[in-house]
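A.B. asks: Please see the structure below; I have some questions.
The values are calculated or read from the model by the stated rules, or taken from the named source; none is laboratory data. The model shown is predicted, which means the values in this text are computed figures rather than measured ones. Here the Cβ positions follow ideal geometry from the backbone for every residue, glycine too, while neighbour counts run over all protein chains shown. Just so you know, the surface numbers come from the protein's heavy atoms only, side chains and all, with ligands and any DNA or RNA stripped out. Shrake-Rupley method; radii C 1.70, N 1.55, O 1.52, S 1.80 Å.
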Amino acid sequence: QVQLVESGGGLVQAGGSLRLSCAASGSTSSIYYMGWYRQPPGKQRELVARIFNGGTTNYGDPVKGRFTISRDNAENTVYLQMNSLKSEDTGVYSCTLRNFGAQTYWGQGTQVTVSA
């Protein structure tokens with residue numbers, strides 16, 4: 001089992017920045033990737049960013065060039081630095097972890113609200 005604890009959400013004005021953190025604990029010895037998805041109000045969940053075991057990253061098109069994902073392997077923590085935030089970035093951001101056994105885990109989600 002894996003537990004994911006997120007922090008760092010909140011309310012910010014458009015153009016501002018936020019940093020999300022997600023700490024993984026439990027069975028974290030075979031992580032394939034960690035990342036973030038978000039669900040805007042009234043929409044489906046979408047990829048924000050992922051960071052893979054070897055350090056490769058991928059981003060959803062709406063956040064490319066504005067968001068950066070990073071990982072502290074020693075602490076099993078992943079970070080999402082969000083800059084130049086827009087109102088359309090508003091949503092519930094959920095941390096996810098997938099291991100090499102194809103098991104996927106999710107955090108409880110953290111609200112990010114960007115005011116225009």
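A.B. asks: With the condition kept exactly as written, say whether any residue in the range 19-27 is at pLDDT 95 or above, farther than 17 Å from residue 112 by Cβ and open to solvent by less than 60 Å² (accessible area, probe 1.4 Å).
C.D. replies: yes
A.B. asks: Here is a follow-up. Could you grab the pairs with beta carbons closer than 9 Å, sequence gap of 6+ or different chains, first residue in the range 57-68 and of a type in the set (D, E, K, R), second one open to solvent by less than 50 Å² (accessible area, probe 1.4 Å) and not in a strand (DSSP E or B)?
C.D. replies: Qualifying pairs under 9 Å: 66/85; 66/89.
A.B. asks: Out of curiosity, is residue 88 of a type in the set (Asp, Glu), within 20 Å of residue 116 (Cα to Cα) and either open to solvent by 60 Å² or more (accessible area, probe 1.4 Å) or in contact with a Cys (Cβ under 9 Å, 6 or more places away or on another chain) (or both)?
C.D. replies: For residue 88, the condition - of a type in the set (Asp, Glu), within 20 Å of residue 116 (Cα to Cα) and either open to solvent by 60 Å² or more (accessible area, probe 1.4 Å) or in contact with a Cys (Cβ under 9 Å, 6 or more places away or on another chain) (or both) - is met.
A.B. asks: Next question. Residues of the range 95-108 being within 11 Å of residue 4 (Cβ to Cβ) and open to solvent by 20 Å² or more (accessible area, probe 1.4 Å), which ones?
C.D. replies: 104, 105, 106, 108
A.B. asks: Checking the condition open to solvent by 50 Å² or more (accessible area, probe 1.4 Å) and touching a Lys or Arg at 6+ places or on another chain (Cβ under 6 Å), which residue from 3, 13, 39, 44 passes?
C.D. replies: 39
A.B. asks: Let me ask another. So, in the range 47-76, how many residues would count as being surrounded by 15 or more Cβ atoms within 10 Å (Cβ to Cβ), closer than 16 Å to residue 18 by Cβ and small (Gly, Ala, Ser)?
C.D. replies: 1
A.B. asks: Further question: For the range 69-101, how many residues meet the condition of being small (Gly, Ala, Ser), without any contact (Cβ under 8 Å) to a residue 60 or more places away in the chain and closer than 20 Å to residue 15 by Cβ?
C.D. replies: Matching residues across the range 69-101 total 1.
A.B. asks: Any chance the range 77-84 includes a residue that's surrounded by fewer than 17 Cβ atoms within 10 Å (Cβ to Cβ) and more than 23 Å from residue 28 (Cβ to Cβ)?
C.D. replies: yes
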